[in-house]
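The values are calculated or read from the model by the stated rules, or taken from the named source; none is laboratory data. Keep in mind the model is a prediction, meaning the values are calculated, not measured. Neighbour counts run over all protein chains shown; Cβ positions are idealised from the backbone, glycine included.
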Amino acid sequence: MSKLVGTALTIMLAVSASPSHFKYRRSVQSINAAGQHYLVVDESIWRHARPDLNDLRMYAAEKEIPYKLIVEIGGSETEQKQFRVLQPASIGGKTQFLLDMSGVDEYDRIHLAMATKNFVAHARVEGRDDPHGTNWAVLGTTTLYDLSDEKLGSNSTLQIPLSAFKFLRVTVDGAVKPSEVKNGMAGATRAQKAVWHDVTSPSRLEQHGKETVITFDVPANTPVERLALDIDPTQPNFCRQIQIRGSKDEAYGTQQISHIHMLRNGQKVDVERTSVELCGNCQGTLKAVIQNGDDPPLKISGAHLQQWERRIYFDSDAGERPWVYYGDEKLGAPEYDYAKLFQKNARVEPVGLDPEANNAAYVPRPDDRPWSEQHPALLWVAILAAVVILGAVALRSLKTIAKPAS
């Protein structure tokens with residue numbers, strides 16, 4: 001088996017791209033300015049290209065155009081470091097303490113460890129390099145809360161602009177006592193938003209007892225990475241479990257969705273978490289099962305499967321009309337210096353694609369499989385004939401040995 005896989009990989013690496021060996025092609029719409037551009041991989045490409053998209057190629061005037069395929073997954077980088085809580089005290093009915101940030105170069109998130117539950121508190125953050133000074137820079141306010149009794153989650157993270165002050169002064173209203181602030185972690189989070197692309201997929205919403213079941217038919221070969229729900233604005237606060245199941249009712253995992261807009265002790269709490277992550281390679285039927293418990297079903301006005309947008313970045317001259325080709329199962333991934341040295345232009349503009357068309361010049365690649373793989377039926381006939389012949393020879397030999405001498 002491993003030998004066959006190795007042979008297949010060798011063949012795939014050996015073949016070269018040619019416009020005549022792709023089954024499908026699409027024209028890039030008019031390009032008005034020279035420079036970097038990108039196009040988005042859509043359902044037509046997913047349906048007929050290889051699942052890994054390694055067979056995508058671009059040509060203009062029979063010249064191959066290098067490109068870079070990027071999955072717009074977003075993400076963030078955070079270096080967390082621990083800091084000390086200093087001088088916790090009660091001042092004017094509020095809790096105030098200092099955070100020694102001298103060991104953290106930059107930070108925009110401060111996570112506090114607090115020994116208290118079921119509260120909502122208003123926190124004011126100020127910064128200064130000299131903790132003994134009087135003029136502190138105001139960095140912002142955050143609502144801290146723990147709604148354990150209502151099972152609506154918690155937040156103990158202070159979010160402020162990217163800062164480098166050596167000390168922070170935090171003032172929290174009376175819902176948190178000085179002795180309940182233990183320690184914390186801080187770091188700078190540099191986030192890049194993910195770009196989501198809606199996947200066209202029929203869906204059905206049904207009620208089964210205490211469960212709301214949303215069923216999707218996932219398009220073939222199309223990855224889906226998120227399920228997003230549209231909740232009616234009049235929906236009361238909720239926090240519920242949602243389970244993702246596959247075609248054979250296998251469980252892919254359970255996550256939580258919530259919608260919290262409330263005032264508690266004069267403080268406002270706003271939480272909106274109405275999407276869940278998916279495995280990416282779900283195929284066939286996909287079910288989202290919302291556990292309602294004894295509460296009424298959620299007011300769901302829409303549900304969408306989404307994927308991270310796949311973009312093909314390339315450079316082109318003004319007026320050029322490149323073509324995108326795909327549908328060559330034996331072609332391996334391209335290797336371009338352009339992709340290795342790629343830098344995204346902040347002002348890059350998207351370009352559209354014309355509808356998909358069959359490649360009129362398509363010619364199948366020659367069958368380069370071994371003779372035995374091309375003609376398995378003949379191989380089995382030959383094997384069976386050999387077995388019959390060998391059996392006949394063996395039988396004749398046995399008769400000769402068994403015949404008495406005269």
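The set of residues from the range 174-191 being in a strand (DSSP E or B), of a type outside the set (Val, Ile, Thr) and modelled with pLDDT under 80 comprises GLY187, ARG190, ALA191. The residues of the range 219-236 that are surrounded by fewer than 16 Cβ atoms within 10 Å (Cβ to Cβ) and not in a loop (DSSP other than H, G, I, E, B), listed by number, are ALA228, ASP230.
Would you confirm, using the coordinates I've provided, whether ALA14 is small (Gly, Ala, Ser), at negative phi and modelled with pLDDT of 90 or more? Walk me through how you get there before you give the answer.
Working: small (Gly, Ala, Ser): yes; at negative phi: yes; modelled with pLDDT of 90 or more: no.
For ALA14, the condition - small (Gly, Ala, Ser), at negative phi and modelled with pLDDT of 90 or more - is not met.
A single member of VAL120, VAL41, VAL104 is in contact with a strand residue (DSSP E or B) (Cβ under 9 Å, 6 or more places away or on another chain), crowded, with 19+ Cβ neighbours inside 10 Å and either at pLDDT 95 or above or under 24 Å from TYR313 (Cα atoms) (or both), and it is VAL41. Scanning the range 250-271 turns up at least one residue that is β-branched (Val, Ile, Thr), touching a strand residue (DSSP E or B) at 6+ places or on another chain (Cβ under 6 Å), in a strand (DSSP E or B) and free of Cβ contacts under 8 Å to residues at least 24 places away in the same chain. Of the listed requirements (1) closer than 14 Å to LEU99 by Cβ; (2) touching a residue at least 24 places away in the same chain (Cβ under 8 Å), THR142 misses just one: (2). Within the range 272-302, the set of residues being assigned to a strand (DSSP E or B) and over 22 Å from the mean Cα position of the chain (by Cα) comprises GLN291, ILE300, SER301. Looking only at residues of the range 237-249 that are in contact with a Leu (Cβ under 8 Å, 6 or more places away or on another chain) and part of a loop (DSSP other than H, G, I, E, B), we find that the one that is farthest from VAL41 (Cα to Cα) is ASN237. Against the definition (in contact with a Pro (Cβ under 8 Å, 6 or more places away or on another chain), among the polar types (S, T, N, Q) and either at positive phi or not assigned by TED's automatic domain parsing to the domain that holds ALA346 (or both)), how does THR95 come out, yes or no? Yes.
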